[in-house]
Amino acid sequence: MGVLNVTPDSFSDGGRWFANGQADLDALRREAFAMIDAGAKILDIGGESTRPGAAPVSGQQELDRVLPVFEVLSRECSVVLSLDSSSPAVMREAAAAGAGLLNDVRAFQRDGALAVAAELGLPVCLMHMQGKPDTMQQAPQYRDVLAEVQVFLEARANDCIEVGIPRSQIVIDPGFGFGKTLEHNLVLVAQLERLALLGFPVMAGLSRKSLIAKLTGRGVDDRLPGSLALAMLAAQGGASILRVHDVAETADVLRILQAVKDVQTP
Ligand code: YH5
């Protein structure tokens with residue numbers, strides 16, 4: 001899954017597609033096609049920055065940012081277009097404009113979100129977060145981070161099933177960096193296999209995140225090696241979907257991993 005941020009204030013790509021407050025649709029389209037050529041099977045399109053201190057966006061603002069992108073890309077390409085949003089109104093409009101997956105960092109806990117997801121009949125990605133984006137990194141605490149993430153995701157998956165979302169349409173995600181210390185993130189990477197035991201495909205979003213800075217001291221533009229190492233570990237830990245900014249480089253990592261898995265050993 002390639003990340004297409006349609007925000008003027010993203011952490012990881014700093015509003016690359018914005019010029020004087022306006023999304024540059026043509027630049028976004030070129031980036032989308034580059035990701036597809038590099039092997040992306042899904043593009044994740046979001047218009048809300050979840051960075052601590054980011055300005056809150058209204059549903060209308062989110063719509064203004066992401067809808068044109070869905071309209072253009074659904075016309076021009078055949079990969080799955082994922083919406084990264086927590087707003088039921090945005091989910092509805094994006095679905096009408098071609099979204100094929102709903103990815104919600106709040107796991108459909110906003111009023112009406114779960115009902116809309118069920119009504120739209122699209123697959124969903126449920127992500128774990130402790131706290132709220134603004135304050136989640138102040139003092140994250142768990143008794144047992146893996147167990148708590150498992151319990152939350154299983155409960156949300158059951159809520160989805162109860163409103164009629166088929167089991168086969170549910171993806172789970174531990175939410176790296178969302179209310180987690182370095183230690184918590186590392187435990188979740190190390191134990192990712194045990195999340196997969198819940199029986200749902202696992203998505204992992206580690207690309208360019210702060211845990212890499214904490215381990216390497218690198219700024220956001222120099223986190224590719226760290227991102228690739230984590231992508232390799234997540235894939236080996238059973239992740240089915242890797243949410244990444246650097247699709248071509250990650251695809252190479254997956255080719256290497258696949259070749260080693262496939263080799264005949266005496
Ligand atoms: C995720 O993990 N993440 S948005 C901070 C960074 C770099 C990148 C400080 N949406 C996820 O990508 N959806 C986001 O450097 C997500 N899983 C799912 N399902 C945050 C992000 C980022 C944050």
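The values are calculated or read from the model by the stated rules, or taken from the named source; none is laboratory data. For clarity, every value in this text was computed on a predicted model and none was experimentally measured. When we count neighbours, we look across all protein chains shown, and the Cβ atoms used for this are built from the backbone with ideal geometry, even at glycine. We work out accessible area using only protein heavy atoms, side chains counted, and drop any ligands, DNA or RNA first. Shrake-Rupley method; radii C 1.70, N 1.55, O 1.52, S 1.80 Å.
Note on the chain: with a GNM built from Cα contacts shorter than 10 Å, the maximum mean-square fluctuation among S74, S87, S58 falls on S58. Protection proxy ranking, highest mean first, for peptides 108-121, 213-226: 108-121, 213-226, where packing is the per-residue count of other beta-carbon atoms within 10 Å, averaged. Relative to the 2.2 N^0.38 Å rule of thumb, the chain has a C-alpha radius of gyration ratio of 0.96. In the full protein context, the range 70-149 carries 43 Å² of accessible surface per residue, based on a 1.4 Å probe and ignoring ligands, DNA and RNA. When only Cα pairs below 8 angstrom with a gap of at least 6 residues are kept, the range 192-266 shows a relative contact order of 36 percent. Across all Cα pairs in the range 193-247, the calculated P(r) in 10 Å bins from zero up to the longest distance comes to 27, 48, 22, 3 percent per bin. Peptides 21-32, 231-242 ranked from most to least packed, by the mean per-residue count of other Cβ atoms within 10 Å: 231-242, 21-32.
When Rg and the Kirkwood radius Rh are both evaluated on Cα atoms of the range 1-74, their ratio Rg/Rh stands at 0.95. Each peptide among 147-155, 76-84 gets the average number of other Cβ atoms lying within 10 Å of its residues, and from highest to lowest they stand as 76-84, 147-155. Averaging 1/r over every pair of different alpha carbons in the range 107-225 and inverting the result gives a Kirkwood radius of 15.2 Å.
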